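The values are calculated or read from the model by the stated rules, or taken from the named source; none is laboratory data. Predicted model only: the values in this text are computed from it and were never measured. Note that we place each Cβ from the backbone using ideal geometry, even for glycine, and neighbour counts take in every protein chain shown.
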Amino acid sequence: MPYFYYGFDWTYLVLVLPCIILSLWASANVNSTFKKYTKQLSIRRITGAQAAMRVLSANGVSGVRIERVSGNLTDHYDPKTNVIRLSDSVYDATSVAAIGVAAHEAGHAVQYAESYGPIKLRSAIIPITNFGSKLAMPLILLGLLLTFMGNFSYTLVYIGIACFGLSLVFQLVTLPVEFNASRRAMQAIEAADILSQEERRGARKTLTAAALTYVAATAVALAQLLRLLVLFGGRGRRRND
């Protein structure tokens, strides 16, 4: 079956493009949701940094530093230095969105403190997935160039596809990590009475919007892998036929 018509790759249109559109929508959605709930200030005037500290305290976690980092939505937890870094719009902000994001990052710190399985697995496979993603396309292209070498060229293509598949594995492992961090954040927010019931809805919507970006990234990785399998997966068999 031909996959190219007049130089156009229909597998990209059918498999990848819809997922990329979903990813773009998810990114725009998280920014608009964060912006919306940034305008809603919490009644208790607790800052993002204070909220993160309360989440850590509620889970019995100590020794984690909380620092400011420049940028917008650049918030993250660094397990190597045991530091939660909160962006300018989160660190000393008292908005519902800021508190939700800060609590989420504190949730990651709690995951590491409790040796949560999926986050340990994600950390362990990062070097492998990074290495594999860099090798994937060069191996596939090399295999296509060395068609005169028969089965060896097919093997290179298959190894390249397998290497690309590691990026999907990383995304799949990331999903439970992110959803679990958000769940821990909301539980701690409620237990420590950081936000009122009405304010919690805004924080939850902010975290849900952020989680959808990871779902979209997983969909893109899956679509790209399927495209490679459609284009090159049966290459050796078709050649033999």
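Values computed for the structure shown
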read-out: Any hit, the range 65-74, residues being in a helix (DSSP H, G or I) and either in contact with a Phe, Trp or Tyr (Cβ under 6 Å, 6 or more places away or on another chain) or at pLDDT 95 or above (or both); value: no
read-out: Only listed residue being out of contact with any Asp or Glu (no Cβ under 8 Å at 6 or more places or on another chain), part of a helix (DSSP H, G or I) and modelled with pLDDT under 95, chosen from Pro118, Pro176, Pro127; value: Pro127
read-out: Those residues of the range 179-220 which are polar (S, T, N, Q) and part of a loop (DSSP other than H, G, I, E, B), in sequence order; value: Ser196
read-out: Extreme residue, farthest from Gly202 (Cα to Cα), among residues of the range 7-51 that are of a type in the set (Gly, Ala, Ser) and out of contact with any Phe, Trp or Tyr (no Cβ under 9 Å at 6 or more places or on another chain); value: Gly7
read-out: Ala221 vs. criteria under 14 Å from the mean Cα position of the chain (by Cα), of a type in the set (A, V, I, L, M), surrounded by 16 or more Cβ atoms within 10 Å (Cβ to Cβ) and closer than 30 Å to Leu144 by Cβ; value: yes
read-out: Close pairs (8 angstrom Cβ cut-off, 6 or more residues apart or separate chains): farther than 15 Å from Ile140 by Cα in the range 159-170, modelled with pLDDT under 90 anywhere; value: Ser167/Gly132; Ser167/Ser133; Ser167/Ala136
read-out: Test: residue in the range 83-92 that is free of Cβ contacts under 8 Å to residues at least 24 places away in the same chain, in a helix (DSSP H, G or I) and either hydroxyl-bearing (Ser, Thr, Tyr) or in contact with a Gly (Cβ under 9 Å, 6 or more places away or on another chain) (or both); value: yes
read-out: Test result for Ser123, of a type outside the set (Lys, Arg), farther than 20 Å from Arg204 by Cβ and in contact with a Pro (Cβ under 8 Å, 6 or more places away or on another chain); value: yes
read-out: Test for Val177: is it surrounded by 15 or more Cβ atoms within 10 Å (Cβ to Cβ), among the β-branched types (Val, Ile, Thr), touching a Phe, Trp or Tyr at 6+ places or on another chain (Cβ under 9 Å) and closer than 30 Å to Val96 by Cβ; value: yes
read-out: Single match in Gly143, Gly71, Gly132 (criterion: small (Gly, Ala, Ser), loosely packed, with under 14 Cβ neighbours inside 10 Å and more than 26 Å from Asp193 (Cβ to Cβ)); value: Gly71
read-out: Close pairs from the range 34-55: first over 15 Å from Leu86 (Cα atoms), partner in a helix (DSSP H, G or I) and basic (Lys, Arg), Cβ under 9 Å, at least 6 apart; value: Lys36/Lys205; Tyr37/Lys205
read-out: Out of Leu212, Leu166, Leu144, sole residue that is of a type in the set (A, V, I, L, M), out of contact with any Leu (no Cβ under 7 Å at 6 or more places or on another chain) and closer than 30 Å to Ser42 by Cβ; value: Leu212
read-out: Sole exception among (1) at pLDDT 95 or above; (2) more than 20 Å from the chain's Cα centre (by Cα); (3) assigned to a helix (DSSP H, G or I); (4) not β-branched (Val, Ile, Thr) for Tyr12, by number; value: (1)
read-out: Condition broken by Lys80, with the remaining ones in (1) without any contact (Cβ under 8 Å) to a residue 40 or more places away in the chain; (2) in contact with a strand residue (DSSP E or B) (Cβ under 9 Å, 6 or more places away or on another chain); (3) assigned to a loop (DSSP other than H, G, I, E, B) satisfied; value: (2)
